[in-house]
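Heads up, the thing below is written out as structure tokens.
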Amino acid sequence: MSATTGGFVCAHHHLYSALARGMPAPPAVPHDFLSVLQQIWWRLDAALDLEIIHWSAALGAAEAVLSGTTAIIDHHESPMAIEGSLDAIAAGCALVGLRVIPSYGVTDRWSDAGVLTDVKQSDKMTAGARRGLAECERYLASGRRAMVGLHATFTCTSETLDAAADLARRFGVGVHVHVSEGPDDAGAATRLAHLADENWLLVHCVGLDSDLPGTIVHNPRSNMNNDVGYAQPTRFGNRVVLGTDGIGADMAEEFRLAFVAGRDHVLTFSPDTAYSWLANGWDLVPEARNDVVTWNYDHMDSAWHLAFTPGTRPLDVVIEGRQIVKDAQPVTFDLEEIRRKAAEQAVRLHERLAA
Ligand SMILES: [Zn+2]
């Protein structure tokens, strides 16, 4: 029985989506996975600039640390503001004192003429993909921890998939990629089979139909929100970790959702399994295990208690010996200022989306 844990790890986030809340309704109501991307996320990411990205990251980082999460593995896309975008995210997280492992999610879905297009495997790499790879390389070359991001195979040419895998190999890091989240990405396993490695992060894997090396990131709330089905991560022998896919970074809450989603699939699903996914995050960011989070609940180390106890909150958060949160209040950052600046940027972002 313990009220203390290490800092939780969110293994798949999109900090840029923190300001999506309250965005104007899209021109058409999304009716399937692809139209969710087209109507919501691909309009949102094209409206981002570095100022919006910075304050979105700061707000997302503040909310994360106030939820007991001390490390975020982020996947970012901003096709109209690629250069410097990973620095904007890192700076936003640094304001709060949170660890972030960013990646730029490379894609060929924007043609060189700047319009959204269907991507064929055999097409040539676009300028946008080249710039995305360069942003990953620039950040990695600065010596900071990062990954190489890929959006998903169905929006990438084979040339781009090869180049991303090669860049990651050269820096000794993994590729962070959405895999078979929805039916449009059904061919992902075939296209990644000769490229994937043990240090890759394979996000979602809802429709994955054969083994790939890497860690599977399960995002139960996002999968339910997008009506893509249950990923059933225990189908494979891979290590499984938990992510939020951009909907906050409350990992105790995501654990409870992972548990209940598993139970909804089969009654024998154990909270111990979902808890092991939460704890596996420390394999990816080992130093977060040494952070100290003290909670308002004294069975945080018991899967069977936590699964049935909504509303657990951290009281104190210490990252690498530095107290970030005390008595549930931030001590190293000004939460009101971050909220105010983020709200200003949300207004700008939503005006662009309404235009
Ligand atoms: Zn995602």
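Each reported figure results from applying straightforward, stated rules to the coordinates on display, with no laboratory input. As the structure is a computational prediction, the values presented were derived from the model and not from experiment. Note that each Cβ is placed from the backbone with ideal geometry, even for glycine, and that neighbours are counted across all protein chains shown.
At a glance:
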read-out	value
Highest-fluctuation residue, Arg191, Arg256, Arg221 considered, GNM on the chain with Cα pairs under 10 Å	Arg191
Theoretical gain in end-to-end length, Lys124 to Ala91 [0.36 nm per residue, Cα-Cα removed]	8.5 nm
Whole-angstrom gap from the stretch 281-300 to the stretch 1-49, using each part's C-alpha centre	25
Spin-label proximity, Arg235 to the stretch 209-223 - amide N less than 11 Å from point 7 Å beyond Cα toward beta carbon	209-211
Percent of beta bridges antiparallel (DSSP, the chain, rounded to nearest 5)	35
Spin-label pair Arg131/Glu51, simplified geometry with 7 Å Cα→Cβ offset, distance in nm	1.9
Semi-axes of the equivalent ellipsoid for the chain, Cα gyration tensor, largest first, Å	30, 24, 19
Residue-span extension gain [Ala25 to Arg313] - 0.36 nm each, minus C-alpha spacing	100.5 nm
Relative contact order (%) - criterion: Cα under 8 Å, at least six apart; region: the chain	23
Cβ-derived FRET efficiency at R0 41 Å, Met80 paired with Asp211, nearest 0.05	0.65
